[in-house]
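What follows is a short report on a single structure.
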Amino acid sequence: MAHVAQGQQEVPDNLRKQLAVAVRSVQWSYAIFWSQSTRQQGVLEWGDGYYNGDIKTRKVEAMELKPDKIGLQRSEDLRELFKSLLGGETDQQAKSSSPVLSPEDLSDEEWYYLVCMSFVFNPGEGLPGRALTNKQPIWLCNAQYADSKVFSRSLLAKSASIQVRRSICI
């Protein structure tokens with residue numbers, strides 16, 4: 001079974017769990033899966049992600065969730081906040097419910113993760129677009145020092161005090 005975000009290719013249901021295992025095993029703050037858009041030929045956009053970084057405000061008591069579920073829940077809450085900020089809710093039930101988080105609840109790291117959801121990459125553009133075009137993974141070390149021509153989100157990462165030691169785009 002898989003789910004499809006609006007305008008995106010099919011993404012496996014267990015992808016976020018797989019990202020969670022990978023992120024926690026190397027102690028990263030987040031992972032992003034870029035997916036080909038079904039609305040724009042060849043364009044990569046947010047497919048899914050997992051957030052494991054600092055949390056400024058908890059709306060759900062940590063005691064209520066097992067440690068391995070906290071990141072999965074936060075990732076989902078951040079996705080819901082992004083959707084509500086876009087105002088792109090299409091089903092009536094989603095319109096009547098409000099997101100668990102609000103913008104003032106977010107840490108700088110969470111803002112970075114949230115803003116990344118709005119990025120799109122044309123073939124050859126940015127690291128994800130270059131990795132797609134070349135059909136090769138790209139590793140970037142010390143990304144916080146990278147030129148914004150190489151890593152288009154570098155200024156955003158610097159402003160959020162993100163310490164990107166290693167980044168891979170496949």
Open item on the list: Over 20 Å between Cα atoms: which of Lys17/Lys135; Lys17/Lys66; Lys66/Lys158 fall into that group?
Closed with: Lys17/Lys135; Lys66/Lys158
Task: Sequence of Glu125, Glu45, Glu104 when ordered by accessible area, the most exposed leading, probe 1.4 angstrom - done: Glu104, Glu125, Glu45
- [ ] Determine, from the Cβ-Cβ distance of Asn134 and Asp108 and an R0 of 30 Å, the FRET efficiency 1/(1 + (r/R0)^6), rounded to the nearest 0.05.
- [x] 0.40
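The values are calculated or read from the model by the stated rules, or taken from the named source; none is laboratory data. Predicted model, so just to flag it, every value in this text is computed and none were measured. Cβ: placed from backbone, ideal geometry, glycine included. Neighbour counts: every protein chain shown. Accessible surface is based on the protein model in full, side chains and every heavy atom, while ligands, DNA and RNA are left aside. Shrake-Rupley method; radii C 1.70, N 1.55, O 1.52, S 1.80 Å.
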